[in-house]
Every structure is written in structure tokens, then in C-alpha cells.
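Engineer: Below is the structure I would like to discuss, written out as C-alpha cells.
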Amino acid sequence: MSGRRGKGGYRRPETEGELVRVRSPRERDGEMFGIIIQMLGHDRVRIRCIDGNIRIGRIPGRFKKRVWMRVGDTVILTPWEFQSDEKCDVVYRYRNNEIEWLKKRGILKMF
């Protein structure tokens with residue numbers, strides 16, 4: 001036996017007492033929170049960002065088949081260097097338990 005559990009190779013902690021690692025946006029890279037408000041097709045989504053803008057986001061190839069995105073999902077995005085108010089790349093999608101963890105600690109405020 002290889003000792004692997006599922007695709008990730010490890011099992012996430014499920015109890016409150018254990019340390020849960022949740023990815024947060026990196027300020028130096030310009031990352032921010034956003035919520036998917038519309039699926040546009042062709043691996044594009046419309047996202048309401050925490051700064052108040054609505055951007056068109058691109059889902060990179062590494063997420064297309066592994067991470068299914070739906071309307072209402074909370075994501076981390078990176079605005080493009082040009083057209084930064086209009087377009088962005090999706091970097092990460094949060095799971096429900098990660099969203100609850102962020103809300104409980106006051107990191108993710110409703111916007």
C-alpha cells in the first residue's frame with residue numbers, strides 16, 4: 001500500500017481542535033476575494049470582486065476538469081496587469097468548510 005488517501009495524498013483534518021490550513025489572498029500579488037455571479041461558457045465566469053468591480057474571470061486549464069465551479073462559489077482572483085478593472089484569472093476556489101472557517105474568524109466579510 002502506498003499510504004495515499006484519494007487524489008490529494010493526505011486527509012484534511014475534520015475536527016475543531018486540529019489546525020486547518022486555509023489559503024488566503026496574497027496582498028503582494030494583488031489577489032482578492034470574489035464571488036461567481038454568472039457562468040459565461042468557454043471557461044469564463046463573471047465575478048463580483050471585494051473591491052466592488054465586476055470582472056470577467058478566466059478559469060485556467062489546471063482547474064477545468066479537477067475543480068468544478070458554480071454560481072455562488074467564493075474564489076480568489078488575480079486582476080490582469082492590463083485591463084485590471086475588467087478581467088482577471090481565478091486562482092483558487094474555496095470549499096464550504098473553508099468559507100465557514102474564514103467567516104468565523106472575520107477574514108471573509110460579506111460583500
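The values are calculated or read from the model by the stated rules, or taken from the named source; none is laboratory data. What you see is a predicted model, and the numbers here were worked out from it, not measured in a lab. Please note: Cβ atoms are built from the backbone with ideal geometry, for glycine as well, and neighbour counts cover all protein chains shown.
Engineer: Going through the range 28-42 one residue at a time, which ones are part of a strand (DSSP E or B) and under 14 Å from Lys87 (Cβ atoms)?
Structural biologist: Let us first name the residues in the range 28-42 that are part of a strand (DSSP E or B), namely 32-41.
If the condition is that a residue be part of a strand (DSSP E or B) and under 14 Å from Lys87 (Cβ atoms), then Met32, Gly34, Leu40 are the ones that fit.
Engineer: From the list Arg95, Arg26, pick out the single residue that is surrounded by fewer than 17 Cβ atoms within 10 Å (Cβ to Cβ), at pLDDT 90 or above, within 15 Å of the chain's Cα centre (by Cα) and under 18 Å from Arg105 (Cα atoms). Talk me through it step by step, then tell me what you get.
Structural biologist: Details: Arg26 fails: at pLDDT 90 or above.
Just a single option satisfies the conditions, and that option is Arg95.
Engineer: Going through Val20, Val45 one at a time, which residue ends up being at pLDDT 85 or above and of a type in the set (A, V, I, L, M, F, W, C)?
Structural biologist: On the way: Val20 fails: at pLDDT 85 or above.
Exactly one residue qualifies, and that residue is Val45.
Engineer: Which of the residues that make up the range 62-92 are free of Cβ contacts under 8 Å to residues at least 60 places away in the same chain, under 19 Å from Asp51 (Cβ atoms) and not in a loop (DSSP other than H, G, I, E, B)?
Structural biologist: Within the range 62-92, Thr74, Val75, Ile76, Leu77, Thr78, Pro79, Lys87, Cys88, Asp89, Val90 qualify.
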